[in-house]
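Structure first, then comments.
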Amino acid sequence: MDASTWDLIQRNLWPMLEATITKTLPLTAISFVLGLVIALFVALARMSPMRLLSYPARFYISIIRGTPLLVQLFIIFYGLPQFGITFDPFPAAIIAFSLNVGGYAAEVVRASILSVAHGQWEASYAVGMTYAQSLRMIILPQAARIAVPPLSNTLISLVKDTSLASTILVTELLRTAQSAAAITFDYFTLYGVAALYYWVICLILGFGQTRLETRLARHVAR
């Protein structure tokens with residue numbers, strides 16, 4: 001690596017790190033949390049015997065899983081303004097990513113709830129718990145342990161998917177790298193640094209996933 005390339009990296013390390021801290025990570029965290037909330041409600045609606053709830057939930061999941069995330073971003077940011085609904089780039093990205101996570105995670109949550117033994121429901125009803133109490137105190141804690149690996153994969157995928165926010169003018173990590181590369185024309189170096197940032201984030205999340213799974217396994221073993 002020659003001196004000019006190393007100087008280029010040094011000059012852009014902080015701007016790219018700043019974009020990661022102020023845009024990429026908050027976008028990931030907020031979208032994931034909101035997506036999980038959406039996923040829980042959609043999963044419960046999907047499991048409901050009431051068609052008025054289950055059919056819209058199935059339709060929502062089908063739309064989200066059957067269309068590209070990039071198209072969803074474009075519809076929210078570029079399409080909705082035609083109907084007078086306008087969002088700034090960052091909120092538009094949060095909405096799109098949250099809805100996307102909700103659609104995919106809903107099936108994970110539903111499968112995790114269904115994997116809990118039916119006897120757990122019966123036992124909770126036997127001691128006088130309502131459906132909501134059984135769900136909150138008995139079923140969801142057990143389902144959460146089962147859902148950790150697939151939801152962790154969803155989170156890691158979301159980190160990488162946030163790079164698509166650059167297409168709607170969010171100045172996250174990839175867009176910062178693109179702006180610097182457009183000036184210097186050293187695309188390989190700057191995109192390589194961006195890739196390194198994404199990789200490090202995913203490594204940290206993967207380590208956290210392993211620790212969480214180990215901790216939950218120990219708790220169950222006790």
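Nothing in this text is a laboratory measurement; each read-out follows from the coordinates by a stated rule. Computed from a predicted structure; not experimentally measured. Methodologically, a virtual Cβ is constructed for each residue, glycine included, from the backbone with ideal geometry; neighbour enumeration extends over all protein chains shown.
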- Among the residues of segment 78-94, count how many are part of a helix (DSSP H, G or I) and more than 11 Å from the chain's Cα centre (by Cα). 11
- Between residues in segment 162-181 that are in contact (Cβ under 8 Å) with a residue 12 or more places away in the chain and among the hydroxyl-bearing types (Ser, Thr, Tyr) and residues that are crowded, with 21+ Cβ neighbours inside 10 Å and part of a loop (DSSP other than H, G, I, E, B), which pairs lie under 6 Å by C-beta distance while being six or more apart or on different chains? Thr162/Glu172
- So, in segment 156-174, of the ones that are closer than 18 Å to Phe74 by Cα and hydroxyl-bearing (Ser, Thr, Tyr), which residue ends up surrounded by the fewest Cβ atoms within 10 Å (Cβ to Cβ)? Thr167
- Item | Of the criteria (1) within 30 Å of Asp7 (Cβ to Cβ); (2) in a helix (DSSP H, G or I); (3) in contact (Cβ under 8 Å) with a residue 24 or more places away in the chain; (4) not aliphatic (A, V, I, L, M), which one Tyr191 fails | (3)
- Message: Condition first: hydroxyl-bearing (Ser, Thr, Tyr) and touching a residue at least 12 places away in the same chain (Cβ under 8 Å). Now tell me which residues in segment 69-121 satisfy that.
- Response: Tyr78, Ser98, Tyr104, Ser112, Ser115
- Item | Elements of type helices (runs of 4 or more DSSP H) contained in segment 1-77, each with 3 or more residues being in contact with an Asp or Glu (Cβ under 9 Å, 6 or more places away or on another chain) and surrounded by 12 or more Cβ atoms within 10 Å (Cβ to Cβ) | 3-19, 25-47
- Message: Being farther than 17 Å from Thr154 by Cβ and exposed (fewer than 12 other Cβ atoms within 10 Å of the Cβ) is true for just one of Ala177, Ala182, Ala195. Which residue is that?
- Response: Ala182
